[in-house]
Structure formats: C-alpha cells, structure tokens
Amino acid sequence: MFALQNLERSKAHYKSAVLNAHLAIQGMCVCALTATDGGGALGKNSEKALRTYHDQCSLDIEAFSRDWLFPKNTYPTLQLAALGELLKRLPREFYSDSERGAGSQDPKRSLDRLSYLRNSFSHFPDMSLSISPMYIEAALLGGMRFVSRFPDLQEYFANRSRLNEARVVSLIDEAVSLLERK
C-alpha cells in the first residue's frame, strides 16, 4: 500500500507496486484454485508428483492391511504454477465483464500488461525508468479491479471471513480506490 500511496515520489515505487500487485493476484488465484489434496495451483510436474504421492499413500494403506512392505513414501517438493498458468485455470466467471467499472479495460489485457511489467522489472532493473507511469497505473488498476471480484465468488471463497480477518478485501478495495483517483 505504501508504494501505491507514494507513486509520484519515486519511480522505484512503481516497481514495488507492480511486483506486489502481481503477488496479490497470484495469491488470490492460489486461494481460488487449491483443492483439498493441496493441488490445483501447482506447476504441471508438481501436480503429477502430488498425484503420485497420494496414489502411493493409498497403496500403502492397502499394503499395510495385507502385511505387504513398500518403501517409505516421502512428500514431494512442490512448486506453484506461474501466474499466466494460474489465470488460464480460473473458471470463466472470474472473467465476467458485468462487474467491470466504467471505462475499465478487458481484464485479460490488464493482466497481460501487469505480467509483462513484472517480468521486465524482475529481469531488467533499469526498465522502470523508461515505461510510462500512465501505462503502469492502468495495468495496476485493471489487475486490482480483477482481483477485487474474487471474494464475491462464494463458490471459491466460502470462508470470506478469513479474507476479512487478514484485511485482504479492504486492502484490495483501498488499492482500487487509490488508483481510480489518479
């Protein structure tokens, strides 16, 4: 929030705002997609390793009841999917344009811009000096508007009170409000 409140003071705040917005969107995607087995938001190799682990655990239970011995099953090292992949996995209702604010752009376009900015800032440190602040602000606003609708999708966030306890909803609303005033 500090970076958004101080965008005019330093171009470094733009970089921080983009990186934090990217993390916020990725985090909300993980919350929406994670299944009860821990999968759903993992990279393809991690999803496969997790399924194999759970299948092996099922075999271990059956083997134990029959006095069979299998090697000890160890929990795999897992890695989250990249934001682009997480966005592809989201159900269609996350992209509903019925709740878009007046004059807002297509969420996919904003998210693509935000991902481009994040990758540029992460891999090319001096990149923030050559990108228009208006371009960055538009991408941030589009990304925050997109993620602000997540908690309203009750099917995916049945326990909205946990998001409220962590002030997630109010922080996202505050970010959208700050960006809309620019």
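The values are calculated or read from the model by the stated rules, or taken from the named source; none is laboratory data. Every value quoted in this text rests on a predicted model; they were computed, and no experiment measured them. We place every Cβ from the backbone using ideal geometry, glycine too, and count neighbours over all the protein chains shown.
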Residues in the range 1-21 that are under 24 Å from TYR95 (Cα atoms) and out of contact with any Leu (no Cβ under 6 Å at 6 or more places or on another chain) total 2
Taking the range 27-59 and keeping residues more than 11 Å from LEU86 (Cβ to Cβ) and modelled with pLDDT of 85 or more leaves LYS44, ASN45, SER46, GLU47, LYS48, ALA49, LEU50, ARG51, THR52, TYR53
So GLU62 clears everything in (1) under 25 Å from ARG181 (Cβ atoms); (2) at pLDDT below 75 except one condition, right? Which one?
-> (1)
